[in-house]
Amino acid sequence: MKGMPPICLHCKHFHPDSALPVTCDAFPNGIPVEIFASLIVHNRPLPGDNGIQYEPKEGVAPESPRPQPFSITLPLDGIR
């Protein structure tokens, strides 16, 4: 399976220790699924974001707001 890790993981406003719902400074009550699923890049104001948008955390290239693709293999044992 291939996919993109959520852009939120690379944002300085992300709360990495939050339980579900996943939160950040912009969305303290839960990051909208469209943003967390990287369907929307939150690099401009959106309704309800409290005036806070994506900013790369230290060590992430600011010109590249999308993380690199990754690939995982899921075990299919027992799935019918």
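The values are calculated or read from the model by the stated rules, or taken from the named source; none is laboratory data. Predicted model, so just to flag it, every value in this text is computed and none were measured. Here the Cβ positions follow ideal geometry from the backbone for every residue, glycine too, while neighbour counts run over all protein chains shown.
If I filter region 6-15 for residues that are in a loop (DSSP other than H, G, I, E, B), touching a Ser or Thr at 6+ places or on another chain (Cβ under 8 Å) and at pLDDT below 90, do I get at least one hit? It would help to see each step written out before you state the result.
Taking region 6-15 and keeping what is in a loop (DSSP other than H, G, I, E, B), we get 6, 12-13, 15.
Checking which are touching a Ser or Thr at 6+ places or on another chain (Cβ under 8 Å) leaves us with 6, 15.
Still in the running and at pLDDT below 90: 6.
So far as region 6-15 goes, yes, one or more of its residues are in a loop (DSSP other than H, G, I, E, B), touching a Ser or Thr at 6+ places or on another chain (Cβ under 8 Å) and at pLDDT below 90.
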Q. Is there any pair linking a residue in region 15-40 that is under 14 Å from residue 52 (Cα atoms) to one that is of a type in the set (Phe, Trp, Tyr) and not in a loop (DSSP other than H, G, I, E, B), with Cβ under 8 Å and at least six apart or on different chains, and which?
A. 24/14
Q: Filter region 37-55 for residues that are of a type outside the set (A, V, I, L, M) and either modelled with pLDDT under 90 or out of contact with any helix residue (DSSP H, G or I) (no Cβ under 7 Å at 6 or more places or on another chain) (or both) and give the result.
A: 38, 42, 43, 44, 45, 47, 48, 49, 50, 51, 53, 55
